[in-house]
Each structure stands twice: as C-alpha cells, then as structure tokens.
Amino acid sequence: MKVPFVSLDRQFRDLQDELTAAFQRVGASGFYILGEEVERFESEAAAYCGTRFALGVANGSDALFLPLKALGIGPGDEVITCPNSFIASAWVIVAAGARPVFVDAAHDYNLDPARLEAAITPRTRAVMPVHLTGRPAAMDEISAIAARHGLAVIEDAAQAIGARYRGRRTGSLGTAAGFSLHPVKNLGVLGDGGLITTDDPELFGRISLLRNHGLRDRDHCSVWGYNSRLDALQSAFASVKLKHLDAWSDRCRQIASLYRGGLEGVVEVPRDQPHEEAVYHNFIVRSEQRDRLASHLQEKGIGTRVHYPVPIHLQECARELGHREGDFPEVEAQARTILSLPIYPELQDEEVAYVIESVRSFFA
C-alpha cells in the first residue's frame, strides 16, 4: 500500500463539480481582482471565525506582515515569537524592520507562556504566538501577559483555521490574526492566498489600504502600501471549501484518535486538552529513533515529514540574531525527535491502519 503524505488531488476530485462551477461563474463575471467574490468570502470567513472583519490577501506571510505594518511596528521594535515554526513566522518581523525575539516552546509545540514575560523589554511591541500543528496556543496566559505590558497579540493561525480555544475560534483571540490559504493548509485554495481577521475597525481600515497600494480610491493614494490582494477566483474556491471545513476538521480529529489509540505507548503522541479543539494540520509523534523510523515508513510506501528539522534561531539567515545551539532546549529536542504522519480528510481508515501497523512493526 502507498500512503502519500499529502494528496490534494483527492480533495479536488471530491469537489470538482463545485470548483468548476465557481470557475465558470468568476470567469463569466469579468471581475477578477477584489470585488464581489472576495467580499463574499471575507464576510463568510469573518462569520466563521467570529470576528467583525476579515480581509483576503495574497498569501499567509502577508497575512502576518500587514498587521505588523498597520500597527506601526518597525525599526527599533521587537516582536516575540517561537523558533520552531516555518521561517515565515520570523521573516515577516524582519521585513517589517523589527527584531524577532524567540521564546522556547512548551511540550505542546506552542510558545511557553511561562517563559514569555522574561523576554519582554522596553522595545517589545507585540507577541506572535503560533498555533502550531492546528493546536491553539495558551492564549489566556499569553493575552494576560501582553495586556499587562500593553502589547499587541497577533495570532499566527496559518495552520489552525477552525480550531477552538475555550469555545472561541482561532482568529478571534488576539488583536489580529493571519491565516494561510496555501493548498496544503486545512482550508487551501488552488494557488496561494491568505486571510487576516480582526475586531478593530481602525486596524481593519489601515490593512485595507496597505493591501491595495495604499489607495483610497482609483485615483487617490493615502499611504505607501503594497500589492497583496486575494483574487476573485481563489476567493470563490475558498468559499466552496469553507462549507466543508468543519466536516474535514471532524475527520482529521477522528484520524488523530485512531492514531492515538494505535500508537500510544509505542511513540509519544499528542493529547487533546479539555479546553481546546485542535484541527490537526499535522499529527506529530516523537521518538528518539525518528530518522530510522522515517526510513522504515518510506520503505513501506508511507510519506512522512519533519516540521521543522532546523529551528529558526539556528538557520543561516538568523545568524545576526546571535543565537547558538542550546539557547532553546525544548525546541531543539523536539526538532531531533518529531515526525509528522499523514493526516488529511480523504485518508481512508485502511490507510490509517496500515500506518499504525507499519509504525508498530518498526518497534517490534
């Protein structure tokens, strides 16, 4: 049996009629940039996330970068985040002109709130917790610390659309949030895209200007801006998929439960907490024999990934930040032992069983 790590073609086949209809509707409309389709998706996304506003942008990185710029964060400022995320979580801070400051992860792979306050300095302007693997960060603790110090909280929710924390959706838990609509994400379009959510009308207004060149209208430009617009076709595809998202998340939680039941005691598996509802963008197991296990699964025809083998603070691009190995021991220990198993709604029970059997056979 072959079990690919991702299989986007399966989802396309399931939704082919709906996506084709959306393509034909947008194509026949003659409106391809911003406009009605984008506004419809933004309205649906805001209602889904439980926020007043949502804005479609070109990609998930811009969905984090633009709120930083709209908040006036730039040279001389610091933004705190975690070093075990995808590189975009840090480069957007650098691109805004600020300095990324890292805090070690807790055992759930998210920023450890117990270490947060010690990283705050007079230059700190914001905290950017990452809801890694589709599991919400400890937002109560993070938000309380941020409020004491007058800091903005920008959720990096790239992997976590639909997840809930104490009954509230990610995207509604901070000053603003950025989501990725990259094809491999839980809500992925057929290209690239991003989404920003916020309840702040002034912040919404500034981001609206920044994503469209700073234009107030066709002929008048209020601020120096950027070109970061989610196009009408991808918005239409996103609207189609949003209707299925909760069912897909339920299926991913079901697969996670099957993995947990079959692998607990064999490898370390994630455990849900009562106050959270994860969406399992990734299902990560841990083993001191990670590399040999990955090779064994590859021989069995099973795709796996490591998210992420080199923490951001040890990347060549981060050398100027002055970090070295040992600075963030939990993140570094995770990088040596984590392995992501296949998890997507179209994965079949027999494929899940085969993955479980193959992992167990390695340790047997």
message: For the structure I just gave you, tell me whether residue 48 is at pLDDT 95 or above, in contact with a Leu (Cβ under 7 Å, 6 or more places away or on another chain), surrounded by 15 or more Cβ atoms within 10 Å (Cβ to Cβ) and hydroxyl-bearing (Ser, Thr, Tyr).
response: yes
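Yes or no: residue 232 surrounded by 15 or more Cβ atoms within 10 Å (Cβ to Cβ) and either over 22 Å from the mean Cα position of the chain (by Cα) or modelled with pLDDT of 95 or more (or both)? First the steps, then the outcome.
Working: surrounded by 15 or more Cβ atoms within 10 Å (Cβ to Cβ): yes; either over 22 Å from the mean Cα position of the chain (by Cα) or modelled with pLDDT of 95 or more (or both): yes.
In short, yes.
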- prompt: Of 246, 217, which residue is without any contact (Cβ under 8 Å) to a residue 24 or more places away in the chain and either over 18 Å from residue 93 (Cα atoms) or not aromatic (Phe, Trp, Tyr) (or both)?
  reply: 217
message: Quick check on residue 223: is it of a type in the set (A, V, I, L, M, F, W, C), at pLDDT 95 or above and in contact with a strand residue (DSSP E or B) (Cβ under 7 Å, 6 or more places away or on another chain)?
response: no
- line: Exception for residue 1 within (1) surrounded by 21 or more Cβ atoms within 10 Å (Cβ to Cβ); (2) outside the structural domain of residue 184 (by TED's automatic domain parsing); (3) not hydroxyl-bearing (Ser, Thr, Tyr) falls at (1)
query: Could you list, in sequence order, the residues of the range 173-215 that are buried (at least 20 other Cβ atoms within 10 Å of the Cβ) and part of a strand (DSSP E or B)?
result: 176, 177, 178, 179, 180, 194, 195, 196, 197, 198
message: So for the range 220-227 (the condition being assigned to a strand (DSSP E or B), in contact (Cβ under 8 Å) with a residue 40 or more places away in the chain, surrounded by 23 or more Cβ atoms within 10 Å (Cβ to Cβ) and not aliphatic (A, V, I, L, M)), does at least one residue qualify?
response: no
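Confirm whether residue 105 is in contact with a helix residue (DSSP H, G or I) (Cβ under 7 Å, 6 or more places away or on another chain), crowded, with 24+ Cβ neighbours inside 10 Å, closer than 24 Å to residue 185 by Cα and among the small types (Gly, Ala, Ser).
Considered against the rule, which asks whether it is in contact with a helix residue (DSSP H, G or I) (Cβ under 7 Å, 6 or more places away or on another chain), crowded, with 24+ Cβ neighbours inside 10 Å, closer than 24 Å to residue 185 by Cα and among the small types (Gly, Ala, Ser), residue 105 comes out as yes.
Does residue 75 satisfy the criteria of being outside the structural domain of residue 310 (by TED's automatic domain parsing), in contact with a Pro (Cβ under 6 Å, 6 or more places away or on another chain) and assigned to a loop (DSSP other than H, G, I, E, B)? Lay out the reasoning, then the answer.
Details: outside the structural domain of residue 310 (by TED's automatic domain parsing): yes; in contact with a Pro (Cβ under 6 Å, 6 or more places away or on another chain): no; assigned to a loop (DSSP other than H, G, I, E, B): yes.
For residue 75, the condition - outside the structural domain of residue 310 (by TED's automatic domain parsing), in contact with a Pro (Cβ under 6 Å, 6 or more places away or on another chain) and assigned to a loop (DSSP other than H, G, I, E, B) - is not met.
From 28, 54, 22, grab the single residue that is farther than 30 Å from residue 356 by Cα and outside any helix (DSSP H, G or I).
Result: 54 is the single residue among 28, 54, 22 that is farther than 30 Å from residue 356 by Cα and outside any helix (DSSP H, G or I).
The values are calculated or read from the model by the stated rules, or taken from the named source; none is laboratory data. Keep in mind that this is a model prediction, so the values were computed, not measured. Reconstructed Cβ throughout: ideal geometry from the backbone, glycine too, with neighbour counts over all protein chains shown.
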